[in-house]
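The values are calculated or read from the model by the stated rules, or taken from the named source; none is laboratory data. From a predicted model like this one, the values you see are computed outputs, not experimental measurements. Cβ placement follows ideal geometry from the backbone for every residue including glycine, while neighbour counts extend to all protein chains displayed.
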Amino acid sequence: MNRLFRDDALKDIYNKVKKGIRLSREDGLLLYKTPDLNGVGRMADHVRRQRHGNDAFYVYNQHLNYTNICKNRCLFCAYAVDKDDDGAYLWRINDIEKRLMARIDEPVNELHIVGGLHPSLDFDYFTDLLKTVKRIRPTAKIKAFTSVEIDYLSNLSGLSVEDTISELKKAGLDMMPGGGAEVMSERVRKKLFPKKVPGHRWLEIMEAVHRAGIPTNATMLYGHIETLEERVDHLIALRELQDRTGGFSAFIPLAFHSQNTALSHLPATTAVDDLKNIAIARLLLDNFDHIKAYWVMIGEKLAQVALNYGADDLDGTIIEERITHEAGATSAKGLTRDDMERMIRDAGFVPVERDTFYNVLCRDGVAVSENGTTGHGA
Amino acid sequence: MKAIESIIDKIYQNVRITIDEGFFLFNHADLLTLAGMAEHKRFERHPDRLITFVVDRNINYTNICMSGCKFCAFYKTPESGEGYVISRESLHEKIQETLDLGGTQILLQGGMNPHLEMSYYIDLLKDIKANFKIHIHGFSPPEIAYIAEKSGMDIAAVVSLFREAGLDSIPGGGAEILCDDVRLKVSPNKCMTGPWLEVMETAHNLGMKSSATMMFGHAETPHHIFEHMDKIRQLQDRTGGFTAFIPWTFQPGNTRIHHPGTGAAVYLRVLALSRIFLDNIDNIQASWVTQGEKIAQTALFYGANDLGSTMIEENVVASAGVDFMLPEKELRRLIETAGFTPHQRDCYYNLL
């Protein structure tokens, strides 16, 4: 009797996984199509434990969404508004200072900074923003600006992508998040986000960023109109770029939230889909160190379960998550360190507080000295 | 590792596991190992990829309760003046709405209300049966034990009277944890383990069916969970009267127990182990009311074959600040997108 899989078709894939043989596009599709959720999960868990054992990472972070004004107005977004709309906002540098100072007593290690493509900011705003954060939080790492924003900033500054990155790096940029990738399908892009940079451009920018020594994450927005084939192709495109640069740190599947968007007729993603996207990413992205279960999008409960389906990172404590909550997310807006550690321990894993580059700050409640274990990704 | 492997072998060989073996798996087995065994047991018993549900409504005839359980956010004390007893008009309206929505049963439960006499309950049941063709799943064991004590009757007499008046089956509520050391801590005024089991055994012997529940994640230790399930399993060996087992987690909002709440991983471990441990109970129900629809869907891969009720109305868990709503259409979608076929059932798990 086969105790590992209900779907025998998974056996061949498992043989590859055990031997470390890279999975093909067809394997990826089979993984998406099988009803054997736990079979897929078991394989992903195998890979996850080979890489990370029982460790489950999180970061003490703060989100800053500096503006919701965006000229792109993608159909899947509930966050963006036009400049004259009610609720439109832009945080000036002194607003940013206030938000940072309001939490200055907390041990924030990472600032996650993303925003809309504001039509009338100049490049200095962005370098000032970074410098301000570095001044107020000198030891925290800044993870800021998606590939989409970098493309926009390059246009604003009149500088090449390389020079834009170089200027931002000088101002304090440590890392970039992986947002804005959506699904790299021209078909989907034309329908949902025609103004946003195309997939190949997103990849080109990421390649330049990696070559400039800035690591980034990567994402995929799923659960809207994309096909399973488009998902697999997206993951394979990321895997190919990673082969060339090694610059991706974590992959984060992003569950689409439709409320308050032009696609509000679409139902929420299901748990099966959420868990499968995590597990399949873990299996296909054999050259990525980390797979995140982003609790804001899939909920705290499922994110905890996802630690058994290939995820090794729960993202951050996050203070003031705005973007997904505009689209109807019912998760908390922030979790405390205790919440985070309890979630991880209750699932049978060891909580590891990390910095942006996965340097270990605290393992199982015990601080690790600066000269102690260091991670990778920097 | 060897110990785990030998227990796993027993499970695949259909040998019953002991309390200590269940407890050992709870502490040491990987989540997906438990899931795999629970799925195996589920498909052995129910080879079709069907997930059942019932369309019903929770009707709480009163919220006035003497029990004052520490985990409850629903009750009002008799002295508070804030309680209610449902009016006949409102009751009829709720039942008619249930029938109009395709409902087949009501879950009729209430507090241990000192102002209600035996005649109230008998009239209530007769009135419903006289006016509606609907299954009454009602009066959990603590209510029956309380009514028996208050009226100086024995449990068997009350169950018989209720049955004659129209009670069809008994919900497994109020079981909490069937260990008196835990009950004394969280619900000292409610019936202890003995009477709870006695009500069920009596009802089963009269030919009535019931469900069994377990509320965990409060004052119990994990070992209590297996003691609880063992008591259910033993009774089931004698009567075969339990249709389903429904584990659910304590919801700490608005209650007097300070507990951070039980996470999904522990819920799924317990759910899977209930499918594995309770080798004589047909149906294991996932609790979307306490877990939300994502974990309820995940639970279908942890041994659950039933999603309980669409719950046109639910008040008790909602008072603890947990408010998951799941209309039938959504319930069906949740089942279908997990690769299963939804099917409405009645209280006896007959397909409709």
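List of remarks:
- Selection from the stretch A:233-273 of residues that are closer than 24 Å to B:PHE301 by Cα, in contact with a Lys or Arg (Cβ under 7 Å, 6 or more places away or on another chain) and part of a helix (DSSP H, G or I): A:ALA271
- Residues in the stretch B:181-236 that are in contact with a Phe, Trp or Tyr (Cβ under 6 Å, 6 or more places away or on another chain) and of a type in the set (Phe, Trp, Tyr): B:PHE226 alone.
- Residue count for the stretch B:307-350, restricted to those that are surrounded by 16 or more Cβ atoms within 10 Å (Cβ to Cβ), modelled with pLDDT under 95, part of a loop (DSSP other than H, G, I, E, B) and within 14 Å of another protein chain (Cβ to nearest Cβ): 3
- Residue in the stretch A:18-41 that is among the β-branched types (Val, Ile, Thr), away from chain B (no Cβ under 14 Å) and more than 30 Å from A:GLY115 (Cβ to Cβ) present: yes
- Test: residue in the stretch B:289-298 that is small (Gly, Ala, Ser), within 30 Å of B:GLN234 (Cβ to Cβ), in a loop (DSSP other than H, G, I, E, B) and at pLDDT 90 or above: no
- Residue in the stretch A:288-302 that is surrounded by 23 or more Cβ atoms within 10 Å (Cβ to Cβ), touching a residue at least 24 places away in the same chain (Cβ under 8 Å), of a type in the set (Phe, Trp, Tyr) and closer than 28 Å to B:PRO260 by Cα present: yes
- Residue selected from the stretch A:51-69 under the condition at pLDDT 95 or above and either within 14 Å of chain B (Cβ to nearest Cβ) or assigned to a loop (DSSP other than H, G, I, E, B) (or both), by the criterion farthest from A:LYS19 (Cα to Cα): A:ALA56
- Of all residues in the stretch B:131-138, one or more are over 18 Å from the mean Cα position of the chain (by Cα) and either crowded, with 24+ Cβ neighbours inside 10 Å or part of a helix (DSSP H, G or I) (or both).
- Residue that is nearest to the chain's Cα centre (by Cα), among those in the stretch A:348-358 that are outside any loop (DSSP other than H, G, I, E, B) and either within 9 Å of chain B (Cβ to nearest Cβ) or more than 21 Å from B:ASN27 (Cα to Cα) (or both): A:ARG354
- Qualifying residues in the stretch B:90-128 (those that are outside any helix (DSSP H, G or I) and of a type in the set (Val, Ile, Thr)) - the one surrounded by the fewest Cβ atoms within 10 Å (Cβ to Cβ): B:THR104
- Every condition in (1) modelled with pLDDT of 90 or more; (2) under 24 Å from the mean Cα position of the chain (by Cα) holds for A:ASN72 except the one numbered (1).
- The single residue among B:PHE43, B:PHE71 that is in a loop (DSSP other than H, G, I, E, B) and not β-branched (Val, Ile, Thr) turns out to be B:PHE71.
- Scope the stretch A:41-55; condition surrounded by 13 or more Cβ atoms within 10 Å (Cβ to Cβ) and closer than 14 Å to A:ARG282 by Cα; matching residues: A:GLY41, A:ARG42, A:MET43, A:ALA44, A:ASP45, A:HIS46, A:VAL47, A:ARG48, A:ARG49, A:ARG51, A:HIS52
- Number of the exception - A:VAL133 against (1) part of a helix (DSSP H, G or I); (2) of a type outside the set (Gly, Ala, Ser); (3) at pLDDT below 95: (3)
- Lone qualifier among B:LEU178, B:LEU235, B:LEU167 - being at pLDDT 95 or above, closer than 25 Å to B:LEU25 by Cα and part of a loop (DSSP other than H, G, I, E, B): B:LEU178
- Subset of the stretch A:176-197 [part of a loop (DSSP other than H, G, I, E, B) and either touching a helix residue (DSSP H, G or I) at 6+ places or on another chain (Cβ under 7 Å) or closer than 27 Å to A:PRO215 by Cβ (or both)]: A:PRO177, A:GLY178, A:GLY179, A:GLY180, A:ALA181, A:GLU182, A:VAL183, A:MET184, A:SER185, A:PHE193, A:LYS196, A:VAL197
- Looking across the stretch B:42-57, the residues that are surrounded by fewer than 22 Cβ atoms within 10 Å (Cβ to Cβ) and either more than 10 Å from chain A (Cβ to nearest Cβ) or touching a helix residue (DSSP H, G or I) at 6+ places or on another chain (Cβ under 6 Å) (or both) come down to B:ARG42, B:GLU44, B:ARG45, B:HIS46, B:PRO47, B:ASP48, B:LEU50, B:VAL55.
- Scanning the stretch B:264-290 for residues that are surrounded by fewer than 24 Cβ atoms within 10 Å (Cβ to Cβ), within 14 Å of chain A (Cβ to nearest Cβ) and not aliphatic (A, V, I, L, M) yields B:SER287, B:THR290.
- Residue that is surrounded by the fewest Cβ atoms within 10 Å (Cβ to Cβ) [pool: residues in the stretch B:8-27 that are without any contact (Cβ under 8 Å) to a residue 24 or more places away in the chain and within 14 Å of chain A (Cβ to nearest Cβ)]: B:GLN13
- Taking the numbered list (1) over 28 Å from A:HIS290 (Cβ atoms); (2) within 14 Å of chain B (Cβ to nearest Cβ); (3) in contact (Cβ under 8 Å) with a residue 60 or more places away in the chain in turn, A:ASP45 passes all entries but (1).
- Entirely in the stretch A:281-347, the helices (runs of 4 or more DSSP H) that have 2 or more residues that are within 12 Å of chain B (Cβ to nearest Cβ) and on the phi < 0 side of the Ramachandran plot: A:295-298, A:300-306, A:337-346
- Comparison of A:ALA212, A:ALA218, A:ALA237 shows that the only residue that is of a type outside the set (Lys, Arg) and touching a strand residue (DSSP E or B) at 6+ places or on another chain (Cβ under 8 Å) is A:ALA218.
- All conditions in (1) buried (at least 17 other Cβ atoms within 10 Å of the Cβ); (2) at pLDDT 95 or above hold for A:LEU228, with the sole exception of (1).
- Single residue of A:ASN15, A:ASN38 found to be assigned to a helix (DSSP H, G or I), of a type in the set (S, T, N, Q), crowded, with 22+ Cβ neighbours inside 10 Å and without any contact (Cβ under 8 Å) to a residue 40 or more places away in the chain: A:ASN38
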